[in-house]
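Read the figures in this text as sums done on the coordinates, not as results from a lab. Just so you know, these numbers come straight off a predicted model, no measurement behind them. In this analysis, Cβ positions are derived from the backbone assuming ideal geometry, glycine residues included, and neighbour counts consider all displayed protein chains.
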Amino acid sequence: MGNLVSPEELLCQAEYMKKCEDILKSNFSNRQPICYVHSYGCQGNVADGEKIKGMLAQMGYGLSNSAEGADVVIFNTCAIRENAHDRVYGNLGMLIHYKKKNPEMIIGLCGCMVQQDHVAKKIKDVFPGVNLVFGTHVIHKLPEFMYNILSGSKKVYNIVDSDGVIAEGLPVVRESKFKASVPISYGCNNFCTYCIVPYVKGRERSRSFDSIYNEVKELVDSGYKEIMLLGQNVNSYGNDLDSGVNFSYLLSKINEINGDFRVRFMTSHPKDATKELIDTIANCDKVCNHLHLPVQCGSDKILKAMNRKYTVSQYLDIVDYAKKKIPDISFTSDIIVGFPGEIYSDFQETLKLIKEVKYSSLFMFIFSPRKGTKAELMYDPIPKEEKSKWLTELINCQNEISAEVHANCVGKIERVLFDGIGRTDDNMLTGRTDTNLVVDCKRANLKIGEFADVRIIKAHRMALIGELV
Ligand code: SAH
Ligand code: SF4
Ligand code: F3S
């Protein structure tokens with residue numbers, strides 16, 4: 001198992017939380033101090049943000065939905081593409097403005113972006129108003145950092161280079177009362193040549209089977225209806241454990257937990273997606289019939305340059321097997337357009353592939369060079385405008401496919417977990433099918449956070465319309 005943070009260290013941090021609470025009680029005698037935590041990027045980062053909120057709440061902070069007027073603001077950042085950086089810098093400008101009105105405001109930055117040396121240096125040089133900068137491997141030490149600041153330090157910078165740790169049992173404030181994310185592994189060992197994640201999140205390390213199982217069981221027992229198991233590559237779960245458990249085993253054991261709930265997972269790396277995994281999905285009634293299987297590109301030449309370690313034909317083999325075993329399965333994927341060395345004919349192979357798989361939806365990105373990755377230094381002659389044209393072509397092609405996938409659902413009965421108010425109409429609720437398609441339905445007797453069977457009566461390009469049966 002990866003490096004577990006010791007119980008002594010966790011106890012020490014719990015004591016810092018208590019000390020912070022005492023300081024806050026005397027500093028804020030007539031009101032509760034409030035904090036605002038915002039996580040950018042992937043669901044793993046959001047899960048880290050829930051722990052940051054948990055620790056701050058335990059210190060006595062109330063949680064706010066807005067940075068304005070907050071006593072502590074923490075941005076948990078993402079580094080996956082340049083626009084993720086730009087967003088943080090933009091919002092930081094706004095925070096500095098708030099800080100002019102409230103000089104006591106504590107501004108903290110953490111997450112993947114600040115784990116990079118060049119960013120940490122830039123923050124130091126350009127944003128002196130930032131009090132606290134901490135990297136991805138020391139999140140559990142937030143109480144100590146907060147204590148240092150509350151007891152007078154103007155600045156705390158703590159970014160350590162590490163293969164990564166696992167901190168169990170941190171307090172957590174979950175965003176939802178019925179959907180919960182449960183990380184099963186942290187970090188990544190795959191080093192896809194475009195990707196910053198292995199550099200900022202450390203090596204892949206799996207949580208123990210027991211910690212995951214117990215967390216899921218507790219969530220289900222307290223009424224959670226959807227559990228999302230998270231990892232950069234859930235399919236390699238357990239490779240670093242001595243216990244011999246793998247992801248399929250974990251899924252099948254979670255499936256045996258009593259209760260009315262469903263299980264999702266992401267991300268499934270195609271190189272490690274096995275027939276055993278597909279059989280497990282097919283055999284486990286609580287595991288959703290949806291596979292997010294990022295292909296990135298439809299050209300073998302580019303997949304090799306990306307270091308993805310599968311070919312298009314191997315990818316299609318597993319897709320075909322899944323379609324045979326689970327006829328209603330839906331697929332989603334990530335695509336990078338304009339990887340260095342990709343020419344228009346490579347891109348056309350991507351179009352061919354998406355037409356064959358028929359994804360219900362796609363996340364599509366233009367390649368963004370990341371500092372320190374192999375792809376950053378690769379020869380990349382295609383201009384940005386050309387890549388944008390390819391992206392538009394891809395979006396248009398996928399729109400047609402999405403429309404077709406959704407249209408094929410009309411007439412079916414689907415079990416939907418409703419999770420919010422309709423995006424365009426307050427009289428509707430919106431939810432998702434087992435296959436992860438969006439369904440809007442008249443409110444009637446429906447409740448947010450509950451399952452209902454609905455008949456699909458109409459299909460839009462990106463969503464279905466249903467009626468209660
Ligand atoms: N672990 C997941 C991906 C996590 S990052 C996997 O292997 O599939 C989410 C997505 O961001 C990736 O699938 C990829 O499509 C995209 N991405 C990552 N780095 C990128 C970069 N440098 N430029 C553009 N897109 C990138
Ligand atoms: Fe990045 Fe590849 Fe790891 Fe996914 S598998 S996080 S794309 S290096
Ligand atoms: Fe972004 Fe870090 Fe996730 S770079 S996508 S927040 S792992």
In terms of modelled amide H atoms, which long-range or inter-chain residues lie less than 5 Å from the amide H of residue 298? 350
Scaled to the compact-protein estimate 2.2 N^0.38 Å, what is the alpha-carbon radius of gyration of region 413-468, rounded to two decimal places? 0.94
Taking the chain, how much of its Cα-Cα pair set, in percent, is spaced more than 34 angstrom apart? 39 percent
Using θ = phi - 60° and the Karplus relation 6.51 cos²θ - 1.76 cosθ + 1.60, list the HN-Hα couplings for region 346-358 in order, rounded to whole Hz, with x at every Gly or Pro. 5, 4, 4, 5, 5, 4, 4, 5, 5, 5, 6, 6, 6
Rounded to whole Hz, the Karplus (6.51, -1.76, 1.60) HN-Hα couplings of region 55-72, x for glycine and proline: 5, 5, 4, 5, 6, x, 6, x, 9, 10, 8, 9, 6, 5, x, 6, 7, 10
If you count the DSSP beta bridges with both ends in the chain, what percent of them are antiparallel, to the nearest 5? 35 percent
Rank these for me by crowding, 119, 469, going from fewest to most other beta carbons within 10 Å. 469, 119
Net charge dipole size for the chain [Lys, Arg +1 and Asp, Glu -1 on Cβ; Debye, nearest 20]: 800 debye
Magnitude of the charge dipole, region 47-161, Cβ model with Lys/Arg +1 and Asp/Glu -1, debye to 20: 240 debye
As a percent rounded to 5, the proportion of antiparallel DSSP bridges among beta bridges in region 168-407 is 10 percent
Between region 269-337 and region 143-220, what is the C-alpha centre distance in whole Å? 27 Å
Specify the inter-centroid distance of region 354-374 and region 50-83, based on alpha-carbon positions, in whole Å. 29 Å
Leading residue at positive end of dipole, region 413-468 (Cβ point charges), from 416, 457, 438: 457
Listed with the fewest Cβ neighbours within 10 Å leading, 21, 144 appear as 21, 144
When the dipole is taken about the Cα centre of region 44-91, and only Lys, Arg (+1) and Asp, Glu (-1) are charged at their Cβ, what size is it in debye, to the nearest 20? 120 debye
Give the residue list of trypsin sites (Lys or Arg not before Pro) in region 268-322 that are DSSP loop and have at most 15 other beta-carbon atoms within 10 angstrom. 309
Highest average packing first - 41-50, 97-106, Cβ atoms within 10 Å: 41-50, 97-106
